[in-house]
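The values are calculated or read from the model by the stated rules, or taken from the named source; none is laboratory data. Model, not experiment: these values are computed from the prediction. Don't worry about glycine lacking a Cβ; one is built from the backbone with ideal geometry, like all the others, and counts go over all protein chains shown. Quick note on the areas: whole protein, heavy atoms, side chains included, nothing else; ligands and nucleic acids left out. Shrake-Rupley method; radii C 1.70, N 1.55, O 1.52, S 1.80 Å.
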Amino acid sequence: MSDLVTGDAVVLGLRPARLPSRGLAILLDLAVYVTGYVLISVGLTVATASLDLAAQAAVAVATFLLFLVGVPIAVETLSHGRSLGKLACGLRVVRDDGGPIRFRHALVRGSMGVVELILTFGSIACIASLVSARGRRLGDVFAGTLVVRERVPGTRVMPVPPPPPWLAGRFTGLDLSAVPDGLWLAIRQYLTRMNQLDPQVGATMAVRLADDLVARTGAPPPAGVPAAAFLMAVVHERQTRDAARAFRPAVAGPGAGYAPAPAPAPMPMPMPGTMPVVAPVPYVAPAPAAPVAPVAPVPPVEAPRAGGFAPPA
């Protein structure tokens, strides 16, 4: 990992490219440039066959310099540090601060590359790359650039082991809002690798992490619970809360389940200067009340007499 730091004190997580990948990228670029140079030279030789020898030599030298210096500089400038060889190897040329390169960076790298790569057959570039801590050749040093790896092999994320069944749901009321992300990351890394640690060292780390977690939550440490099991249960509780927060529906208010009545349609506004016309409501006489029939009196109900039956014991 690179130790590059920007002006905002942000450490850049860049992986510098080493000599094997850089050498392969340069060989691929040279193969493409040589193939293009041969094809263009054959075409120019046919096109300038009617010229004299001096003109043909001038055209040949200009074509050689164009493919030797001009084409690599133009390719790196237009592609922002990703030539065909670097694209195939997953590399990119960036500035020391991690930004894309400009024309001046490509010009310095291309000019120094003629001496490092062509005239000395890459010996100076190999020695400089081996001596440099970040694998830079002289062109990178003078241009203030760095070749980094863009395609980093992914790492498998190990799941956190589940807590013991007798601890499930025991820490539902624990306040986890004051636990920082750095402590969660340290706990997760310990739980995913605790089987690879020495038992004594792993137990010491578990106790220290559990003490930090208890200090952040403000709850007393549980009695009789191992430190590693306590960390598993708390991490499982946090994952459960995150999942419930991510997948729960919108919180309903006090009137959940009540469908409000549709709002009445707005009354049409009268035009200016006119009076609204109201339709007359006809009078409806009330219907006469029906006579109520008299209710017969209900005879009193006598209480049943006890028969003296007792259920068997």
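Some points to look at:
- The range 132-211 versus the range 58-80: alpha-carbon centroid distance in Å: 47
- For R15, the solvent-accessible surface with a 1.4 Å probe is about 90 Å², rounded to the nearest 10.
- Distances between placed amide hydrogens fall under 5 Å for A168 paired with no residue 5 or more residues away or on another chain.
- When the residues L146, L19 are ordered by accessible surface, computed with a 1.4 Å probe over the protein chains alone, the sequence from largest down reads L19, L146.
- For R149, residues with placed amide H under 5 Å, excluding near neighbours: R15, A17
- Of the peptides 87-97, 160-170, the ranking by mean beta-carbon count within 10 Å, highest at the top, reads 87-97, 160-170.
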